[in-house]
Amino acid sequence: MKKKVIIIICAVVLLIGALLVKTLWNAGELKRIEPFSLYSSVAVPGFPGTEDIDIDRGAAVALGSFTDRRAAIAGQKHPYSGILAYDLADPGSKPVLLKTDFPGHLTPHGINLYRGPDGGKRLFVINMGEDSHFFETTGVCTVEIFSYKDGNLHYLETIKSPELTTPNDILGVGPRQFYVTIDHGWTSKWGKMLENYLQLPVSYVLYYDGAQFRKVAGGIGYANGIALSPDGGTVYVGATVGRKIHVYSRNIQTGELTEQGSIELNTGVDNLDVHPDGSIWAGCHSKLLSFVAHSKDAANLSPSEVVCVLPLKNGGYEVVRVYQNDGKELSGASVAVSWKDRLLIGAIYENHFLDGTLLPGKSIENGRR
């Protein structure tokens, strides 16, 4: 009897150990981080927590959503937050806060700049509420729609719904039509924790057709960034815990999505940006548990990674690493956008973002895996 008990105890210990190793492996904690970059980067200070960035390519201006999440975690009711503008055509320029007539407090997370057939621009913004930060949302999440004109944000509309439980990123496809990622299928604190640590693929994507929401994609391990191909026929969704990008064909008339496959990245995918040439750029968390520790204490560094995914003529994709750092230069990278020979990298908790310039003699070819 005593021997059986010992065997059972040993089996349980081995099982727990195996689960622990699996969790550490899947979270990337066993990776060796070797700093690498095709870009020479400078820090651009002034705006904390530049979580998402989109580029108005016609005007050569980058728009960024920012929130002082450290202040929010500390209990500050109205942390410094808003939308910044950064002039890419003016070397040495500093980012500025965009003026807006929004009547409430804007705590932005994911953003997307939609360009209509008439040339008009609308900025779609996930508003996390007054008492929110990255891991806990106690306020009411909404979607704000702005007209972006003459360097200002003109408030148009707020979309509210009980279905906007944990919205993360947004993709505008019409004046009032958009996709939004819901990064957790479960809404309780313990449910979210189980999703994260057990890598459960239960998050999903909603489509708003201008009148109502409906679920159009699911089975995603922490649905995060979302982006559209240049021809509008393909939607890409980043899975942070799933460490991949899901690829969907899009019915432009109905908004329905049909999964075509996925692109394995082996890193925690955050926000996505699609360049006009069709390449997909992703800000990534190499070590997910290190990122969680960084969210709680700035002294805990979180490695940052940027990958570029190149669509191939045969229908496949090639993954190219263009940047990787142990967190000393930038911790917790959440977005990467490419403009000419420049690369902007934002982060969720840092007090700066990076502006990189492609090094002489370097090209994407140098980052091929």
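Descriptive notes on the structure:
- Segment HIS275-LYS340, extension gain: residue separation times 0.36 nm, minus the distance between their alpha carbons: 22.4 nm
- Ordering ALA336, VAL307, PRO360 by Cα displacement along the dipole of the chain toward the positive end leaves VAL307 in first place; charges were set at the Cβ atoms of Lys, Arg (+1) and Asp, Glu (-1).
- In terms of its alpha-carbon gyration tensor, the stretch 137-286 comes out oblate; a/c meets the 1.5 threshold, while b/c is at least as large as a/b.
- Model label zone, GLU318; criterion: amide N under 14 Å from point 7 Å along Cα-to-beta-carbon; scope the stretch 265-302: 279-280
- Here the Kirkwood formula puts the hydrodynamic radius of the stretch 276-322 at 12.3 Å, using every distinct Cα pair.
- Under 18 Å from the Cα of LYS296 - aspartates and glutamates, other chains or at least 8 residues apart: GLU29, GLU51, ASP68, ASP131, GLU136, ASP326, GLU350
- Under a model in which nothing but the beta-carbon of Lys, Arg (+1) and Asp, Glu (-1) is charged, the chain shows a dipole of about 1260 debye around its Cα centre.
- Segment LEU359-SER161, length gained on full extension (0.36 nm per residue, minus Cα span): 66.6 nm
- Here is the tail figure for the stretch 161-215: Cα pairs spaced more than 17 Å apart come to 38 percent of all pairs.
- At 1.567 mPa s and 4 °C, Stokes diffusion of the stretch 211-313 via Kirkwood alpha-carbon radius, µm² per second: 89 µm²/s
- Entries of LYS94/LYS149; LYS121/LYS215; LYS3/LYS192 with Cα pairs more than 31 Å apart: LYS3/LYS192
- Exposure proxy ranking, count of Cβ atoms within 10 Å, fewest first, for ASP90, ASP169: ASP90, ASP169
- Per-residue [θ]222 nm for the chain (sum of -39500 (n - 2.57) over DSSP H runs n ≥ 4, rounded to 500): -4000 deg cm²/dmol
- Per-residue Cβ neighbour counts within 10 Å put HIS154, HIS78 in the sequence HIS78, HIS154, beginning with the fewest.
- Using every pair of distinct Cα positions in the stretch 54-156, the Kirkwood expression returns a hydrodynamic radius of 14.3 angstrom.
- Fewest-first sequence of LYS287, LYS296, LYS313 by Cβ atoms within 10 Å of each Cβ: LYS313, LYS296, LYS287
- The stretch 33-367 shape via C-alpha gyration tensor axes, a/c threshold 1.5: rounded
A short reminder: the numbers here are calculations on the coordinates, not readings from a lab. Values in this document were obtained by computation on a predicted structure and should not be read as measured data. Every residue, glycine as well, gets a Cβ built from its backbone with ideal geometry; the counts of neighbours run over all protein chains shown.
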